[in-house]
Amino acid sequence: MEEIYQWVAYYAARDVRCDNILDNTGDTPLLGLQFLQTSQSSKLTLAVNTGDRQKGGRILDFVTGVTKVNSIEVNRISCITGLPDYVPDSEKFNLALVNPVQRSGRLDQTLILSLQQLLSSLVPGSGLVLPHKLQLWCQVLESSELCEFHHLKSNEPVSGFKIADHVNMLSVTHLQEIQLKTLKKTELTEALYIRDIELTKTDLSRHIIEKEVEIIHSGVVHGIVYWFVL
């Protein structure tokens, strides 16, 4: 992953003006720090979530350690608490780094709802969001293992404790953090492209998309998995 960040930073710094960078990923700023090492004129602003002090502390410790071993001047890094409501033209960002997909695999709703605020903090006409676009894909599966993830078939897995009927009342239809590569399954369709999602636009309206699906194997539909490609 670090090698990928290194190449992204190299080509972006070569082709894009990145004097003033905003890291709004809410995670360890690997790519942002790569920019500082690649472009000596770059400055990095970290948007820190003060609601999670423990995570914020880990990120700052990480930044301190990485800047020290890579000889990056600490005075080129600043922190702000969340996205600013207003950024003067002289301080607007050339580049905003975001993480639109959470570790659970779902879109970060907080980021989507704050896109207008994020875009207004960029240099008009030339400011960029990275990544600027993601693709939504899905696939229809048959998988008895998938069915077992959200409810108990019997009380046997919990040592006979009579709880299955009651727990299953709370079962969900939307599962997260599915390991698709290791899931026992039959792929009933090929992977199906659904749509692009542009992070430079703030259209939050819902759209109904109809797709024709070619069945490649017979079976019972147990679920539709989806993922995002950055």
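The values are calculated or read from the model by the stated rules, or taken from the named source; none is laboratory data. Only a predicted model underlies this, so the values are computations on that prediction, with no experimental measurement involved. Heads up, the Cβs are rebuilt from the backbone with ideal geometry, glycines too, and the neighbour counts pull from every protein chain shown. The area values use the complete protein model at the heavy-atom level, side chains included, leaving out ligands, DNA and RNA. Shrake-Rupley method; radii C 1.70, N 1.55, O 1.52, S 1.80 Å.
Numbers at a glance
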| read-out | value |
| --- | --- |
| Total formal charge among the other residues, if their Cβ is under 12 angstrom from that of LYS185, Lys/Arg +1 and Asp/Glu -1 | -1 |
| Pairs from LYS43/LYS181; LYS92/LYS181; LYS43/LYS201 whose Cα-Cα separation, in the structure shown, is over 30 Å | LYS43/LYS181; LYS92/LYS181 |
| Heavy-atom SASA rank of CYS79, CYS18, CYS147 (probe 1.4 Å, accessible area, largest first) | CYS79, CYS147, CYS18 |
| Peptides ranked, highest mean first, by Cβ atoms within 10 Å: ranges 29-35, 130-136 | 29-35, 130-136 |
| Paramagnetic reach from ARG103 in the stretch 29-65 [backbone N under 11 Å; point 7 Å along Cα→Cβ] | 55 |
| Ranked packing of 220-226, 22-28, most packed first, by mean Cβ within 10 Å | 22-28, 220-226 |
| Heavy-atom accessible area ranking, 1.4 Å probe, most first, across PHE228, PHE93, PHE161 | PHE161, PHE228, PHE93 |
| Accessible area, probe 1.4 Å, largest first, for residues LEU113, LEU95 | LEU113, LEU95 |
| Pairwise label distance in nanometres, ARG206 with ASP27, each label 7 Å out on the Cα-Cβ vector | 2.8 nm |
| Accessible area of LYS201 in the full protein assembly, 1.4 Å probe (Å², nearest 10) | 130 Å² |
| For the stretch 34-58 and the stretch 202-230, distance of Cα centres in Å | 36 Å |
| Per-residue SASA entry for TRP137, accessible area with 1.4 Å probe, Å² rounded to 10 | 70 Å² |
| THR110 accessible area, 1.4 Å probe, all protein chains in place, Å² to nearest 10 | 100 Å² |
